[in-house]
Each structure stands twice: as structure tokens, then as C-alpha cells.
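The values are calculated or read from the model by the stated rules, or taken from the named source; none is laboratory data. Just so it is clear, the model here is predicted, and its values are computed rather than measured. Ideal geometry is used to build each Cβ from the backbone, glycine not excepted, and the neighbour counts take in all protein chains shown. Please note that ligands, DNA and RNA were not included when accessible areas were found on the heavy atoms of the full protein model with its side chains. Shrake-Rupley method; radii C 1.70, N 1.55, O 1.52, S 1.80 Å.
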Amino acid sequence: MSFDSDNNLWLSGNEAIALGAWEAGVQVASGYPGTPSTEIMGNLARYEGVYAEWAPNEKVGLEVAIGASFAGVRALATMKHVGLNVAADPLFTAAYTGGRGGLVVLTADDPQMHSSQNEQDNRNYAFAAKLPMFEPSDPAEAREMMASAFALSEELDLPVLFRTTTRVAHVKGVVRKGERRQVAAASIEKMPAKFVMLPGNARVRRADLEERMRRARERAETLAENRVEEGSGRRGFITAGTSYNYVKEAFPGAPVLKLGMVWPLPEKMIRAFADSVEELIVVEELDPFLENHIRAMGIDCRGKDLIPGQGELNSYIVRTAIEPESRRELFAPLDLPMRPPNMCAGCPHRGLFYCLSRMKDIFVSGDIGCYTLGFLPPLSAMDSCVCMGASVTVAHGMDKALGREGSGRIVAVLGDSTFMHSGITGLLNAVYNESHATVIILDNRITAMTGHQQNPASGRNIRGEPAHAIDFEQLCHALGVRRVSVVNPHRINETRKVLAEEIGRDETTVIISRAPCVLLPEEVRRKKPLYVTELSNCTGCRACIGLGCPAISWHPLTASEAVARGYREKQKGYAEISAVQCNGCGQCAELCTFEAITRKEAD
Amino acid sequence: MQQSGNILFSGVGGQGILLASELTAHAQLAAGFDVKKSEVHGMAQRGGSVEAHLRYGERVYSPLIEPGTADILVAFETLEAARYLPYLHENSAVVVNTMQIMPPAVATGAMRYPGDVLDELTGRGIRVIAVDAFEIAREVGELRTANVAMVGAMSIFLAVSPGVFLDVIDRKVKERFREVNKRAFEAGRARVQAMQ
Ligand SMILES: Cc1ncc(C[n+]2csc(CCOP(=O)(O)OP(=O)(O)O)c2C)c(N)n1
């Protein structure tokens, strides 16, 4: 197969999905960033003829897409797997209403939790919400399946779920390109019996949903995306998604039933395939989803008794799970220092977490974003992290449980995008129900963690055009917070003072920790001062090392090395700032009491 | 000409692994292979260990290299070469940048940077080609081309001709950086050729 650049593109799964959606004539798309789904919306926003946006959260995004479908155009909502939990409410009822224009809901799962707090298997949502679900195996298929998903959504009057995983979303491969389909004209059409889900209407739509899913089951039998690949040998495999690739590599030539639509299942096809092989093995990542439903048909198969149900698979895991004797002698891993991710040099979050790390006896109820790295040593300043927005609400719950004991000890910490996503209602509750906790909003002006997406506080939209930027101070006041302070987290001493004062108060207080992410283009371009170590003044006190800044490293010394450098014999080492890595935030200079760190202005 | 192969890229977030693996993928595509490449985005980018898997052949299904089957490891940092030992086999070639970036536990003095980690590879009979990619980048006059110098160094292990790579750089790199990247590629390649 050779790469012909007239018809082929080299694309990631996410780029291919954006292309596929565009070719399928999508006109409105809304999503909230989340690895591994983020690049879909970023790419889609660059196509002509599509309105794409960042929503503040996934529920909002899905509802926007439902609205566009009600207006008769094709619509897409994108999110990571846990985002579908947030959007589950509209999802389940949209199954009843259906729409007018095709509606595709993309969920990107993250087996192995490369960038997630859990590894839930969102195929279970297809079963629970009674919706068809497609799952491609690679970028080329992802593009093609987008067209099928939109077509099926309109044919069956059902939202269609589209599941990817990291090894589809962030895999690059050769993708064919095509033409954009003619798009529909939007219009208002009143269809109350279909769109107004009061019990009387909903009961009718509930029954109709069964009928629509019955048709979906029928379609599954003939859908091109479900196919048998003939082969030889006694074993036959049923598989889907990226697991299909691993089966093809581990057992080339074996018969395979590849499911491109993983719900509802083509029962007749599965039964016929099962009858054609001696041993049926279901290979799937995470839950025994296909396996359980195949067993429920009364078909005997093997699956999770062999294949791991946690983490990602690969062809080696699949082969050796089924044929343990094929295990190879591998070089054992070496015992090496780990290299976990770290906040960048000059990251404003570091200053704030440094201050929290110095406070005794407080509980830091954390949240999700770059700042979750404040959990790692040497800062070690986060005590819980559950899901987006939970910082504020968990803090409130702890405050209520602890009563007087908790006074001045409970702090919630969350980022600007996370606050917009699901922190506002928690803060509303905290004020209304008289919490004594302090809420710190880490306002770095962007959604940093997922790669710098704009949000309602950043002042720009997905295309980078100016947009309204919410005013956090005013918003907090409007929610009823009486004390809102603003600190610059790079000014460590000042920040510590404000933290001590505000956390100690007997009411809900908000501190906005405001300084831009150092990776923002305007920050990268800005001429910044440089901080340099005056090595002769360093006493080896390690105060700056406590920041955990990647630009500062510790050089241990023996007694004679110390003396040779003109230090006290007892000095155990010295700290040095790397000029290449320093981003000029000055946090370390505030901590140094020996004038061993000096500021050099940019020239 | 090799009919298929697995190339693993490893390093530290921010070192330019993505561009290096992209150029390699495009060169393999131009040579007529099917190619798949897998990367991890998100959390892993913040200065942590990063890897990219590149597989080529007549028809590639899996985007992931199996343990024990990487034919070439291109490591942008010394420790990040040693970390991927379980992916290697006796006939693997490891092209490693001699640069050392301290992981947090080392930078804070809690652990030491292991001094002789490359011996762990050569001691197992693995061929290790150490390249000071930064020096090459400095010589060609642009520090940010160290990643492309590494691609040049690695390229001698591929059947794809250097002209194909230079062509890819022409097509994929911004005009302003094109010439300097081509020089980095050629210097990286020449450095390894001189060692052979
Ligand atoms: C429900 C849900 N949606 C999306 C994500 C992915 N995600 C994690 S943190 C985050 C945003 C973080 O932005 P912000 O709060 O501004 O903090 P920063 O990274 O800028 O420090 C996103 C989108 C998630 N974990 N859960």
C-alpha cells in the first residue's frame, strides 16, 4: 500500500474524526476539552461551514448539540469518558426524543488512565441509555464511521454514540479523504409530542424507543461495519475497537468477527460465527461488555477468564493470555528514578501550593487540572481529588462533618476552567448553607492541562476571537461571597499572609490566585527577567529546593568538595538555577534569605 | 530492504519527540510502507517521560510495539534510554542523546542520577550509539534542532535514503527553519557514519 498524497492524509484519530464529521455535513459542534478527545473540536473549528465551540462543560455541550439537531442540522458533541457522566442527564432523555438532524455523541475513553482519574468503559452507556454505539479501530475507520453514525442517527431517529480510546484518538495513520456532503437547511418545526418530555409524551416515546432499538438490532445484522473476516484454525475471535488490531497481529489468519457497531449486537451474525468455530474468544479492553451480552444470548465463549479486564491491551498481552507458551524472555526493567510530570518552571500554581504546603493542619480539597500536580513532592499539598468541581463540595461536606473542629482548616483549590465547568454551583451551595471553607480559584487565564483551550474566563473563543470574559470577583459576590481577595501567587510572602487571614475566617471566603500560565504565547514572547544563583552566597539551606522547580537543581557535595569551593565543611551541597529553563517568576528569590538568588532584567 | 520494523522514541516532555517521529513516519510513508504511530498527550507532556511508537510494514494493524520487539530505540535523554530496556532485544540499535535531564527526585537531592546506565544496555549485548545531539545542534546554529539531529543519527539504520528525509523536511518544516534542520539531519547522520 503506498501513500498517495492526492487522496490520502496522515492523520490522528481525532483529526480523522473531525474530517469525517465535516464530510458528513456536521453544522454545529460543541464540546468540553478532555484527553483523549480534545483535538477533535480544535480541528473542527478550522473547517468552513461548521459552527464549533468550547462549552463550559459536557452537559452544556451535549444540550447545544441536541438543540442543533432539533433545528434540523447534523450536530456533534465531544467529550472524554468522564464527561459523559456529566452529560448523562440529557443523553438518556435524548434517546426518547431523538432529533431531526443526525446527532453523534463522541466519548473518548482512556484505558490505562494515561490522563484520567478512572478508566470507566463507556460502552455500558450505550446499553443503559438504549443507544447505538460505533467504535472504530483506527483513524481511517474513524473517518468513515462518522458518516455511517450520522446516517444511522437520522435513519433510526436516535442519537448515536461514538466511542474511541487513546489508541485510536492519538494514533496516526493513513486516512482517505472525501467530499463534504450537501448540508440541510435549519428550520423551526414544532413537534411537541416528540420534543416535550412530560410523562404523557415520554411514555409514548419510551415505547417508541424500544421499537427504534429493535430496528437498530436488525440493522446491525447487515451493517457494513460489522463483518466476518474468514480464516482458518479452531479458534474464532469476536472483537472491536483497538483490540481488533491486537487480535490481527497476535493471530493472523484466524477467523474474526469484527464489530464496528458495539451496541446493539447482531445476534444472528454472532450465532452463525460462533457455530462456525470450535472455540469462541471475545477480546475486548476493560469490561466484559460484548462477552456478557453474548453469554446472555446463550452462546458459550471465553473472554475475561483469559484477557485482563484492567488497563490497555496490546498484541503481546493478547497472544500470551491465550497462548501462555508464546511468552518471550524479556529484559527486566531497571530500577531507575521515576520521571513523573511536573509543573513547568515559572508555573503560578507552584507559588500557591508552596504556601499551602507550609500551613499546618489544613486539609486541601483538590480538583483536576495542571494544579493537581501540587499533590506530588516536594509540595505534597493536596489531600483529595475526585472529579471536576468536587473540590468545593467535598470541602463543604468536610466542613459540615467537622463542625467547629474544621474551622480555619478546610481549603478547596480549583482552576479557572474547572470553576466554570462545575465549581459555581458548589460555591453557591457553600454560601447558601454557610460553609466555613475557603475556596481558592487558580486563575491562570486558560484551560492549561488539556493544551490551552479557551474558556468563558479567558476572553477568547475557540477560534481565538475576542469574547466576553467573566469577572470572577463579580460572579463570586453575586453568589453571595462577602470576602473575595486576589493574590499574585508569585509573591509568596504576600500570598502566605492572605491565605492565613482568609482561611482563618469563619465564613465562606474566596481567594483568586491570578497569574497567567507561562506557556501562553504572549507569556512565552514576553521579555522576562532571569534569576541567577550567586553560588558564593549559597549556604545549602535548600529553601528554594522546596519549590520543586525543574529549573533548580541540587548538587550534593562531600566535605572536601565543599571546602574546595569555599563553603563551610558542613555544607551538604548547593542549589543552582538553569538559565535555559528559568522562566523568571521570582518565587525562589523570595524564599532565599542569603542573597544567593539575584534578578537580572531582560535586555 | 527491511519489510517491517518498530521504532520507539523516548524522552522528556518538550524535547521535540513528536516532530522527530513525524518526520520518520513521513519518510517511511514516502518509501511505500504502511505506517502507524501512537503517542500519548495530556498529562504526560508536563516534563514527564514521553514515548512514541512507530511501526511500519506492508500492512500495520497495531499501533503499539510489543515488549522485546523494538528494532530501534531513539532516546532523547540517557535515563529515558535505559527505562525502555524491556522493549529491546539483542539486535536492537539504541541511538541515545548523551544529554542528562534530572528527574525531580534527583534535582531535589533525594536520589542520584545513575552514572553508568548505558552500560546496562551494552552489558546485555545491545548496540548503543551515543550522540551529543545538543552539540550538533549548536554547531549548525540552532539549539532547537537537536531532535532532527537525532533523526539523522537514527536514519543510518533505515533503508530509506537520506534524500527522502530531506524531502520530508522540505515539506513539513516551516520555511524559516528548513535549511538549519536539514543541516542538523545531515550532521547527525554524518556523526554516526563516522563512528561506524
Ligand atoms: C468531566 C471532566 N471533563 C474533562 C476533564 C479533563 N480535564 C481535566 S482538568 C481540565 C481543565 C483544567 O483547567 P483549569 O481548571 O483551568 O486548570 P489548569 O490546567 O489551567 O491549571 C480538563 C478539561 C475531566 N477530568 N473531567
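At a glance:
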quantity	calculated
Bins of 5 Å from zero: percent of alpha-carbon pairs in the range A:140-238	2, 8, 13, 16, 17, 16, 12, 7, 5, 2, 1, 0
C-alpha long axis of helix A:492-503 to longest principal axis of chain A, angle in °	70 degrees
Accessible area buried at the B-A interface, both sides summed, 1.4 Å probe (Å², nearest 100)	4800 Å²
Residues whose placed amide H lies under 5 Å from that of A:Ala29, excluding near-sequence neighbours	A:Tyr51, A:Ala52, A:Glu53, A:Leu76
Accessible area per residue, Å², chain B with all protein chains present, probe 1.4 Å	38 Å²
Solvent-accessible area of A:Ser578 with every protein chain in place, 1.4 Å probe, in Å² to the nearest 10	40 Å²
Relative contact order (percent, whole number), the range A:527-600, Cα cutoff 8 Å, 6+ residue spacing	49 percent
Cα long-axis angle, helix A:58-70 against chain A (0 to 90 degrees, to the nearest 10)	40 degrees
Cα point-scatterer Debye curve for the range B:5-195, base-10 log of I(q)/I(0) at q = 0.11, 0.13, 0.16, 0.18 Å⁻¹	-0.45, -0.64, -0.99, -1.26
Candidates per GluC sites (Glu not before Pro) in the range A:28-85, loop by DSSP, up to 13 other Cβ within 10 Å	A:Glu48
Computed E for A:Arg176/B:Arg176 - FRET, C-beta separation, R0 45 angstrom, nearest 0.05	0.90
Residue-averaged [θ]222 nm for chain B, counting only DSSP H segments that reach four residues, each worth -39500 (n - 2.57)	-12000 deg cm²/dmol
Overall Cα dimensions of the range A:309-355, principal axis frame, Å, largest first	55, 25, 14
Chain A: calculated mean residue ellipticity at 222 nm from DSSP helix runs of at least 4, using -39500 (n - 2.57)	-10000 deg cm²/dmol
Rounded Å value of the spacing that divides the Cα centres of the range A:318-334 and the range A:443-479	49 Å
With at most 11 other Cβ atoms within 10 Å, longest stretch of chain B clear of loop trypsin sites (Lys or Arg not before Pro) (DSSP)	B:113-173
Extension gain from A:Arg505 to A:Arg460, taking 0.36 nm per residue of separation minus the Cα-Cα distance	12.7 nm
Calculated FRET efficiency for the pair A:Ala543/A:Leu334, C-beta based, R₀ 41 Å, to 0.05	0.80
Portion, in percent, of the accessible area of chain B that falls on carbon or sulfur, probe 1.4 Å	49 percent
Alpha-carbon radius of gyration plus Dmax, which is the widest Cα pair, for the range A:311-445 in Å	20.4, 63
Kirkwood Rh, Cα atoms: Rg over Rh of the range A:227-328	0.92
Stokes-Einstein D (µm²/s) once Rh is taken as the Kirkwood radius of the protein assembly as shown over alpha-carbon pairs, at 10 °C in 1.306 mPa s	56 µm²/s
Contact order relative to length of the range A:230-292, as percent, for alpha carbon pairs under 8 angstrom and 6 or more apart	45 percent
Accessible area of the range A:465-505 belonging to carbon and sulfur atoms, whole % at 1.4 Å probe	48 percent
Two-decimal Rg to Rh for the range A:130-193 - Kirkwood Rh, Cα set	1.07
Alpha-carbon centroid distance for the pair the range A:546-587 / the range A:340-409, whole angstrom	28 Å
Partner chain coverage, peptide A:378-390 - average Cβ within 10 angstrom	0
Residue mean of other protein chain beta carbons inside 10 Å, A:166-175	6
Cβ-based charge dipole, the range A:8-219, positive-most Cα from A:Ala126, A:Ala185, A:Tyr32	A:Ala185
Relative contact order computed over chain A (Cα-Cα under 8 Å; 6+ residues apart), in percent	10 percent
Built amide H within the under 5 Å cut-off of A:Ile597, gap 5+	A:Glu534
Förster radius 51 Å - calculated FRET efficiency between A:Arg227 and A:Phe594 (Cβ-Cβ, nearest 0.05)	0.10
Cross-link pairs A:Lys80/A:Lys130; A:Lys194/A:Lys268; A:Lys172/B:Lys172 - those with Cα-Cα distance over 24 Å	A:Lys194/A:Lys268
Mean projection area, nm², convex hull over Cα of the range A:1-155	9.3 nm²
Accessible surface of the range A:39-178, 1.4 Å probe, proportion on carbon and sulfur as whole %	52 percent
Of the trypsin sites (Lys or Arg not before Pro) in the range A:108-187, those whose Cβ has at most 15 other Cβ within 10 Å and which sit in DSSP loop	A:Lys177, A:Arg180, A:Arg181
